[in-house]
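Enquirer: Pasting in a structure now, in structure tokens, and then I'll have a few things to ask.
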Amino acid sequence: MSDNSISAQLARVRKVLKEAVDEGLTVIQLREDYDCMMPSTRAHKLRHIRRLKHSTIWDRARNAQGNEHKTARYILFSGHWEGLSMRNLKMTDTAPYTAAGWGND
């Protein structure tokens with residue numbers, strides 16, 4: 001994988017979560033197997049910007065070094081997330097997010 005732009009990471013995370021169906025994927029799996037450095041940030045953006053419905057479940061998993069960690073497991077559901085969206089806030093409220101490039105891809 002050579003493209004590590006935010007858009008490419010979001011597309012990868014969305015694709016692999018869709019393929020994982022009911023099992024979902026952990027932060028460790030997304031980081032190590034799919035080259036996504038900030039899986040929690042990508043999951044947040046998928047929910048709040050792209051409006052994808054997913055669940056976060058706390059789990060325990062081992063990383064490549066064999067160390068056990070408490071980690072989030074993300075499970076993607078069909079349909080759109082109906083909660084508060086970053087798109088529904090006033091521009092002054094989202095300025096830090098747009099300045100960081102969150103709404104620009």
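Enquirer: Going by the conditions given, is His54 over 26 Å from Ser2 (Cα atoms), touching a residue at least 24 places away in the same chain (Cβ under 8 Å) and buried (at least 16 other Cβ atoms within 10 Å of the Cβ)?
Expert: yes
Enquirer: Determine if the range 51-64 includes at least one residue that is at pLDDT 90 or above and assigned to a loop (DSSP other than H, G, I, E, B).
Expert: Checked against the condition, which is being at pLDDT 90 or above and assigned to a loop (DSSP other than H, G, I, E, B), the range 51-64 yields at least one hit.
Enquirer: Filtering the range 14-37 down to residues that are at pLDDT 90 or above and part of a loop (DSSP other than H, G, I, E, B), which residue is surrounded by the most Cβ atoms within 10 Å (Cβ to Cβ)?
Expert: Only one residue fits best here, namely Cys36.
Enquirer: Let me ask you something else. Please state which one of Ile75, Ile28 is of a type outside the set (D, E, K, R) and touching a Gly at 6+ places or on another chain (Cβ under 6 Å).
Expert: It is Ile75.
Enquirer: Taking Lys70, is it modelled with pLDDT of 90 or more and within 14 Å of the chain's Cα centre (by Cα)?
Expert: So Lys70 does not fit the description; no.
Enquirer: If the Cβ limit is 8 Å and pairs must be 6+ apart or interchain, which residue in the range 1-22 that is within 18 Å of Ala72 (Cα to Cα) pairs with which residue that is crowded, with 17+ Cβ neighbours inside 10 Å and basic (Lys, Arg)?
Expert: Gln9/Arg42; Leu10/Arg42; Leu10/Lys45; Val13/Arg42
The values are calculated or read from the model by the stated rules, or taken from the named source; none is laboratory data. All values derive from a computational prediction rather than experimental measurement. Neighbour counts run over all protein chains shown; Cβ positions are idealised from the backbone, glycine included.
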